[in-house]
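Colleague: Quick one: the structure is below, questions incoming.
Here, each number is a calculation from the coordinates, and none is a lab measurement. Values in this document were obtained by computation on a predicted structure and should not be read as measured data. Note that we place each Cβ from the backbone using ideal geometry, even for glycine, and neighbour counts take in every protein chain shown.
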Amino acid sequence: MLVEPSAPVLAVDGSRTRRCIVSGEILPEGRLVRFVAAPDGQVVPDIEAKLPGRGMWVRAERKAVEHAAAKGLFARAAGGPVRADSGLADRTEARLVERLLDHLGLGRRAGDLILGFDQVERSLRGPGAPAVIVEASDAAADGGRKLQAAARASGIVPFVIGALSSAELSLALGRSNVVHAALKSGRIAERLVFDAGRLGGFRPLKPWVWAGFSEGEAGKTG
């Protein structure tokens with residue numbers, strides 16, 4: 001049965017799925033980005049999936065968004081003339097980055113965000129280990145190795161995000177030279193992981209990998 005791009009379907013585990021207009025695959029929303037046509041006909045990314053209009057879902061990958069824009073697939077899915085230019089993938093990436101930084105800012109205001117190398121290392125070695133580690137994409141390798149050692153010693157595998165630069169983190173959090181941060185378990189961490197998974201289609205997340213560790217274990221904290 002043909003499923004319209006905007007029609008949600010429930011997967012076996014209860015998560016909502018949609019059909020990608022590029023591949024035709026039915027995928028969880030966590031692996032897709034919703035797009036809509038603005039009143040002027042310009043296709044825009046709807047990262048929060050809240051904008052009015054017919055949703056057009058694309059796998060959260062740069063190549064998929066570029067292909068949809070280049071081949072006129074948005075117009076086909078919309079059933080009318082809409083415009084998607086070559087900068088759409090860049091704008092989608094920028095909105096995803098903004099979304100992640102918003103989550104981190106919210107985590108800081110809620111008291112769930114840990115900032116600074118020493119504090120993050122201490123949290124990894126103590127009770128109630130953080131669910132997410134944020135490491136600047138331009139961080140020195142030595143710091144990451146020490147934090148990995150702390151995680152291994154505690155027997156935990158946090159979800160690691162290494163896709164944001166120190167400048168991006170510093171600007172968003174209102175603090176200079178932010179390189180390492182950690183987020184406690186909870187709803188904000190869940191949202192951060194959800195959107196980080198989508199950003200991974202546009203920027204490398206740089207997860208921690210070591211002997212006996214598989215990337216699929218990321219997020220295990222106990």
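Colleague: Please go through the range 32-132 and write out the GluC sites (Glu not before Pro) that DSSP classes as loop and that have at most 12 other C-beta atoms within 10 Å.
Modeller: Glu48
Colleague: Let me ask another. State the antiparallel share, in %, of DSSP beta bridges confined to the chain, rounding to the nearest 5.
Modeller: On the way: 21 of 25 bridges.
Roughly 85 percent of the beta bridges in the chain run antiparallel, per DSSP.
Colleague: When we measure straight from the Cα of Lys146, which lysines land under 26 angstrom away, once same-chain ones fewer than 8 places off are left out?
Modeller: Lys184, Lys206, Lys220
Colleague: Given the range 92-217, what percent of its DSSP beta bridges are antiparallel, to the nearest 5? Don't jump to the answer; show the numbers that get you there.
Modeller: Details: 7 of 10 bridges.
Counting DSSP beta bridges with both partners in the range 92-217, the antiparallel share is about 70 percent.
Colleague: Let me ask something additional. Which of the lysines could a cross-linker bridge to Lys71, judged by Cα under 23 Å and excluding same-chain residues fewer than eight apart?
Modeller: Lys63
Colleague: Here is a follow-up. Remind me, relative contact order of the range 60-173 in percent, using alpha carbon pairs under 8 angstrom and six or more residues apart?
Modeller: Rounded, it is 23 percent for the range 60-173.
Colleague: What does the extension gain come out to for Ala38 and Ser15, with contour length at 0.36 nm per residue minus their alpha carbon separation? The partial results should precede the final answer.
Modeller: Details: separation 23, 0.36 × 23 = 8.28 nm, distance 2.75 nm.
Value of the extension gain: 5.5 nm.
Colleague: I've got another one for you. How high is the relative contact order of the range 125-167, in percent, with contacts defined as C-alpha pairs under 8 Å that are six or more residues apart?
Modeller: 60 percent
Colleague: May I ask for the angle, rounded to the nearest 10°, between helix 187-199 and the longest principal axis of the chain, with both axes built from Cα atoms and the value confined to 0 to 90°?
Modeller: Orientation of helix 187-199: about 60 degrees from the principal axis.
Colleague: With θ set to phi - 60° and the Karplus curve 6.51 cos²θ - 1.76 cosθ + 1.60, what are the ³J(HN,Hα) couplings of the range 157-169 in order, to the nearest whole Hz, using x for Gly and Pro?
Modeller: Going residue by residue, I get 10, x, 6, 10, 10, x, 9, 10, 6, 4, 5, 5, 5 Hz, with x marking Gly and Pro.
Colleague: List the relative contact order of the chain as a percent without decimals, with contacts defined as Cα pairs under 8 Å and 6+ residues apart.
Modeller: 19 percent
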